[in-house]
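J.: For reference, the structure I am asking about is given below.
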Amino acid sequence: MIVELTQTVNAPASAVWQVMGEDFDSIAEVVSGVYASQKRPGDGVNGAPMAGRVCYTSMGKHPLIETIKVWDPKARKVSYEAKSKSFPGFVKSLVNNWEFVEINDTQTEVRMRLEGELSFPFNHLMGGMMARRFKKIMPGLISEMEHYARTGKKHPEKTAFDATAKAEKTRNQLTAAALNIG
């Protein structure tokens, strides 16, 4: 399964890279569907500031564990592999590739390519449905990222998502768990 999307956003490439690259672990501040995120410990590839991130999302009870596979700040490219115990058993791997190309001082072309490897026969049975679902949600997430990169503030959709009882409960549980460590 491959999902590709190219979208022009009205934000400078440097600001978009800051949000999606340099501040990779802070994605929960930017997009709906992510309750909380944190840096994964360990060395990053090619000088990446972290090994990856852990995201607590609305897509299941287990977190997404994302490992940076490609890090190129000059070209503004980042790729990461996502794994989760919440993924269906037929999902072998999901790799998301992002590139942010400067159009001019105020616009950026966002290129996203999601590569999903699914087990047979699910690659035929579920691949198209999953691809359509990802294609449907990605423009909204990119719009939220654009808003954040341009203004430094959460998109109204993200603000509404963060105000849900589920989001608050998840953040409170994570805060309580962090306070009980050590």
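J.: Within the range 115-132, how many residues turn out to be surrounded by 15 or more Cβ atoms within 10 Å (Cβ to Cβ) and out of contact with any helix residue (DSSP H, G or I) (no Cβ under 6 Å at 6 or more places or on another chain)?
T.: Within the range 115-132, residues that are surrounded by 15 or more Cβ atoms within 10 Å (Cβ to Cβ) and out of contact with any helix residue (DSSP H, G or I) (no Cβ under 6 Å at 6 or more places or on another chain) number 8.
J.: Spot the failing condition for V3; the list is (1) closer than 20 Å to M112 by Cβ; (2) modelled with pLDDT under 90; (3) assigned to a loop (DSSP other than H, G, I, E, B), and only one is missed.
T.: Here V3 clears every test but (3).
J.: Kindly indicate whether S86 is in a loop (DSSP other than H, G, I, E, B), of a type outside the set (A, V, I, L, M) and in contact (Cβ under 8 Å) with a residue 40 or more places away in the chain.
T.: no
J.: Can you go through E4, E22 and tell me which one is touching a residue at least 60 places away in the same chain (Cβ under 8 Å) and charged (D, E, K, R)?
T.: E4
J.: What are the pairs with Cβ atoms under 6 angstrom where one residue, in the range 44-65, is under 18 Å from R76 (Cβ atoms) and the other, located anywhere, is among the hydrophobic types (A, V, I, L, M, F, W, C) and in a loop (DSSP other than H, G, I, E, B)? Sequence gap at least six, or different chains.
T.: G44/M50; G44/A51
J.: Evaluate the following for W17: is it over 14 Å from the mean Cα position of the chain (by Cα) and at pLDDT 95 or above?
T.: Spelling it out, it is not the case that W17 is over 14 Å from the mean Cα position of the chain (by Cα) and at pLDDT 95 or above.
J.: Looking at the range 146-168, I want the residues that are more than 23 Å from A13 (Cα to Cα) and have a partner that is among the hydroxyl-bearing types (S, T, Y) and surrounded by 12 or more Cβ atoms within 10 Å (Cβ to Cβ) with Cβ atoms under 6 Å, at least 6 apart or on another chain. Which pairs are those?
T.: F161/S32; A167/Y35
J.: Hey, among K135, K158, which residue is surrounded by 13 or more Cβ atoms within 10 Å (Cβ to Cβ), among the basic types (K, R) and at pLDDT below 85?
T.: Checking each option against the conditions leaves just K135.
J.: Sort out which residues of the range 30-58 are within 22 Å of E144 (Cα to Cα) and touching a Gly at 6+ places or on another chain (Cβ under 7 Å), and write them in order of number.
T.: T57, S58
The values are calculated or read from the model by the stated rules, or taken from the named source; none is laboratory data. In this text, all values refer to a predicted model and were calculated from it rather than measured experimentally. Note: ideal-geometry Cβ built from the backbone for every residue, glycine included; neighbour counts use all protein chains shown.
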